[in-house]
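Remarks on the structure that follows.
The values are calculated or read from the model by the stated rules, or taken from the named source; none is laboratory data. Every value quoted in this text rests on a predicted model; they were computed, and no experiment measured them. Note: ideal-geometry Cβ built from the backbone for every residue, glycine included; neighbour counts use all protein chains shown.
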């Protein structure tokens, strides 16, 4: 006999639900909770033991709606029902969710799946970013190879032509050709950089990476810039390419520093390097138990609205004279670590958030 409010041990067959990013609950016929997965625990901010045995309808802002749906499921009025509801969270705003009720194969029990709408939007955006990055990577690689071959011929022909010219005035034109060919060659080399060198995997301490970047930036911008550290020193080392991660973080911090040049002149420019451990996070439509969360936050003017959705695209820059490759390469390097870079920006606070799975 089951006692309402007790916390029976979850059946082993339910343990796989903990690997899912979707919120899952299994209910008894009376609407009380038999099992919740880790994602639902996190969303509700409560332990599984405290949730099991409770009235599932009380987790929502309209309990009567949930009770009616559960009664219909129990009486076999439908095999599955999908609708929207508001999930309550203690001391936080309620979350709109898609709810799916199904009687499943468990006699007398109901399986409930919940998809937070904000999470669904975010996952769709992340998936779109990953697909776009993959497409851009292939385009860049092919385009760079197509440019590189004739570029060498143009440069060589200009040098040979310069040897035949007698007039110094005409030689200036060949010098322009050689100079511009060298500039394009440098651009092509940067485009191909992520694909030329093999992934050099070793143990990485993210704070050593941050300190290296911090020292490089302060040498370049010695006046008017403060770089604040906010580190979680408990973050473990992980396997990765240290050089690539230094370059990725450096590109982001350099962008921030360049945006802060007016503030540096006034002496109030600030960049914050913040590290945290994120738990039970989902990105790239995959759930991770632990992930490194590195924030690069600056108090600059923010990313212009016109390019905010395209800042990781190649050759898109909000700065005159910028190559538009820094963030593209940073995203590529982080994606090679199965991670992702996101950006939130308003005037006075731009936050680049780097996520990398931890073992």
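Yes or no, residue by residue, for (1) at pLDDT 90 or above; (2) assigned to a loop (DSSP other than H, G, I, E, B); (3) in contact with a strand residue (DSSP E or B) (Cβ under 6 Å, 6 or more places away or on another chain); (4) more than 30 Å from residue 298 (Cα to Cα):
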| site | (1), (2), (3), (4) |
| --- | --- |
| 161 | no, no, no, yes |
| 209 | yes, no, no, no |
| 212 | yes, no, no, no |
| 226 | yes, no, yes, no |
| 232 | yes, yes, yes, no |
| 246 | yes, no, no, no |
| 251 | yes, no, no, no |
| 258 | yes, no, no, no |
Quiz prompt | Among the candidates 138, 131, residue that is assigned to a helix (DSSP H, G or I), at pLDDT below 75, surrounded by fewer than 16 Cβ atoms within 10 Å (Cβ to Cβ) and within 17 Å of the chain's Cα centre (by Cα) | solution = 131
Exercise. Those residues that are without any contact (Cβ under 8 Å) to a residue 40 or more places away in the chain and crowded, with 17+ Cβ neighbours inside 10 Å, I need them from the stretch 260-313; list them, please.
Key: 263, 311
Exercise. Report whether or not residue 93 is assigned by TED's automatic domain parsing to the domain that holds residue 28, free of Cβ contacts under 8 Å to residues at least 60 places away in the same chain and within 16 Å of residue 116 (Cα to Cα).
Key: yes
Quiz item: Which number in (1) within 21 Å of residue 225 (Cα to Cα); (2) at pLDDT 70 or above; (3) part of a loop (DSSP other than H, G, I, E, B) marks the one condition that residue 296 misses?
Solution: (3)
Exercise. For the stretch 90-106, indicate whether the set of residues that are in contact with a strand residue (DSSP E or B) (Cβ under 6 Å, 6 or more places away or on another chain), within 21 Å of residue 53 (Cα to Cα), modelled with pLDDT of 80 or more and in a helix (DSSP H, G or I) is non-empty.
Key: no
Quiz item: Conditions: (1) at pLDDT 85 or above; (2) over 29 Å from residue 39 (Cβ atoms). Residue 325 meets all but one. Number of the miss?
Solution: (1)
Quiz item: Which of the residues belonging to the stretch 185-207 are modelled with pLDDT of 75 or more and either buried (at least 18 other Cβ atoms within 10 Å of the Cβ) or assigned to a helix (DSSP H, G or I) (or both)?
Solution: 185, 204, 206, 207
Quiz prompt | Subset of the stretch 42-64 (residues that are out of contact with any strand residue (DSSP E or B) (no Cβ under 8 Å at 6 or more places or on another chain) and either outside any helix (DSSP H, G or I) or closer than 22 Å to residue 289 by Cα (or both)) | solution = 46, 47, 49, 50
Exercise. Go through 25, 102, 64 for me and flag whichever is without any contact (Cβ under 8 Å) to a residue 40 or more places away in the chain, surrounded by 13 or more Cβ atoms within 10 Å (Cβ to Cβ) and more than 27 Å from the chain's Cα centre (by Cα).
Key: 102
